[in-house]
Amino acid sequence: MKITIVDGAPGHGFDPFHGKLVQITSALALGGHDVKNFRLSRMHLRPCTGCWGCWARTPGECVIPDETIQIRQAAIVSDRLIFASPLIMGFTSALLKKVQDKMIPLLLPYIELVNHECHHRKRYPAYPELGLLYQAEHDTGEEDLKIVREIYLRYALNFRTEFLFMETLDKESEELAYVVISH
Amino acid sequence: MWLSVINGSPRGKKSNTAILLGELLKGFCSVTGSFQLEEIYLNRPVKDGRLDQLFHESDIMIIAFPLYTDAMPGIVKEFFEDLSGLCGTNPALKLGFIVQSGFPEAIHSRFIARYLERLASRLGAQYLGTAIRGGVEGIQVQPAWMTRRIRKLFWKLGAGLALNSEFDDAVLLSLAQPERLGAFVRFIYTTGARLGLTDFYWNRILRENNAWQRRFDRSYMIS
């Protein structure tokens, strides 16, 4: 299975988080899976400016050069795309959201109706299934987790794929590696 | 009174969000002139300490942004994270949000609105509500008669805010129409799609950019 992991934890104070993802990556690789782990805090990343260049000028390609192109290239040929982030102010990180914003070139600008709602049409024949590995805040409650889950379900709907799981990083690496491939 | 307006559009001053906020401010000014207005654009660097000052001094703060992949743009999330050290420091603050999107239906923005209500609670502020408006993408190119109603509604939202320090529920309801597409509209859209009419706008732009032939390119699929 091809798996892309996007580590959205900020650079400072999250060494255990990064370390856990490295362990999960290793466990998956040992199991014979083709895994890429992108640590966003070490990458050159420029946010989406809403220019629509990726739809209107260079169809399917972001016109703002940065290293997120590697993530889009890896994600679109993956079976699973795993977002990973601590919850900060009740949602996954700004760093991760900036990358998610820049996935828009993977869709077409044209609109179609899905479940009676407007959504962008697919550019690619298939999209990776999604999962989320998160680290809760000290005050994270059930309502917070429900809000996060629902937004990721919408994200999956937009990309015509499935949101398979949302799992806390508190578990053992081997167990989480199993979660990533088992759903 | 301090009114702070945070424009979270990555397009900044040239954004559709700026147009909606402009109408809201016109409505606000039509009721009262005695307030201090502070405007921040999140697509530009904000001076150190400025956000802290605004959070502490403001009586009302309006945060507006376009819906990006079903949530706030990354730069807005960054702003929320910058506020994390200020939770509970201004319990008198009234915090309202505007979420606009290109999709015509309000349903797309309902999910992030739940987050925003929770965010206001987390910050220890009083939640004014979230004004949701779809179908905003064309507002800059549409003729005046097509945008008159939406502009008027944001004007009324601003006037009500100045009068009562709250968002008018009836205006919020009007702004969020349609919540979902009705059967007739879906039928018209589906019929138009079969005839290729619904792609007209984007095809025109693609042709203007000499990019139409490449409109279905899949350049990221390299292995």
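Only the coordinates and a few stated rules stand behind these numbers; no lab work does. Everything numeric in this text was worked out from a predicted model, so none of it was measured. When we count neighbours, we look across all protein chains shown, and the Cβ atoms used for this are built from the backbone with ideal geometry, even at glycine.
Quick one: which of A:2/A:102; A:146/B:152; A:97/B:26 span more than 24 angstrom between C-alpha atoms?
Correct reply: A:146/B:152; A:97/B:26.
Just to check I understand the Karplus step: with θ = phi - 60° and J = 6.51 cos²θ - 1.76 cosθ + 1.60, what whole-Hz values come out for the stretch B:9-24, glycine and proline as x?
Values per residue, Gly and Pro as x: 7, x, 8, x, 5, 8, 8, 5, 4, 4, 5, 5, 5, x, 5, 4 Hz.
Would you mind working out the magnitude of the charge dipole of the stretch A:2-182 relative to its Cα centre, with +1 at each Lys and Arg C-beta and -1 at each Asp and Glu C-beta, to the nearest 20 Debye?
My answer is approximately 900 debye.
Does a label point 7 Å from the Cα of residue B:166, set along Cα-to-beta-carbon, have any residues of the stretch B:40-59 with amide nitrogen under 19 Å, and which are they?
Only B:59 fall inside the zone, counting backbone N under 19 Å.
Let's test the formula: R0 of 25 Å, r as the Cβ-Cβ distance of residue B:203 and residue B:180. What FRET efficiency results, to the nearest 0.05?
After rounding to 0.05, the efficiency reads 0.40.
So who's got an amide H within less than 5 Å of the one on residue B:39, skipping anything under 5 residues away but keeping other chains? H placed 1.01 Å off N, in plane.
It is B:5, by chain and number.
Considering the dipole of chain B built from charges on the beta carbon (Lys and Arg +1, Asp and Glu -1) around the Cα centre, which of B:202, B:62, B:24 is farthest to its positive end?
Result: B:202, furthest along the dipole toward the positive end.
Can you work out the FRET efficiency for the pair residue B:13 and residue A:22, with r the C-beta to C-beta distance and R0 = 60 Å, to the nearest 0.05?
My answer for the efficiency is 0.90.
Hey, what do the phi angles of the stretch A:166-183 turn into as Karplus ³J(HN,Hα) couplings, whole Hz, using 6.51/-1.76/1.60 and θ = phi - 60°, x for Gly and Pro?
Karplus values, whole Hz, x for Gly and Pro: 9, 10, 6, 7, 5, 7, 5, 4, 5, 5, 5, 4, 5, 4, 4, 9, 8, 5.
Give the Rg (one decimal place) followed by the Dmax (whole number) of the stretch B:4-61, computed from C-alpha coordinates and expressed in Å.
12.0, 33
Divide by every residue of chain A the summed helix terms, -39500 (n - 2.57) for each DSSP H run of at least 4, and state the resulting mean residue ellipticity at 222 nm, rounded to the nearest 500 deg cm²/dmol.
-10500 deg cm²/dmol
Hey, with R₀ at 41 Å, roughly what FRET efficiency would residue B:87 and residue A:44 work out to, going by the Cβ-Cβ distance, to 0.05?
It comes out at approximately 0.85.
Once you charge only the Cβ atoms, +1 for Lys and Arg and -1 for Asp and Glu, what is the size of the charge dipole of the protein assembly as shown about its Cα centre, to the nearest 20 debye? Can you show the working numbers first?
Details: 47 positive and 44 negative charges, 381 e Å.
Dipole about the Cα centre, nearest 20: 1840 debye.
Of the beta bridges DSSP finds with both residues in the stretch A:2-182, what % are antiparallel, to the nearest 5?
20 percent
Which value, in debye to the nearest 20, gives the size of the charge dipole of the stretch A:88-137 about its Cα centre, when Lys and Arg are +1 and Asp and Glu are -1 at the Cβ? Don't jump to the answer; show the numbers that get you there.
Numbers: 6 positive and 5 negative charges, 50 e Å.
It comes to approximately 240 debye.
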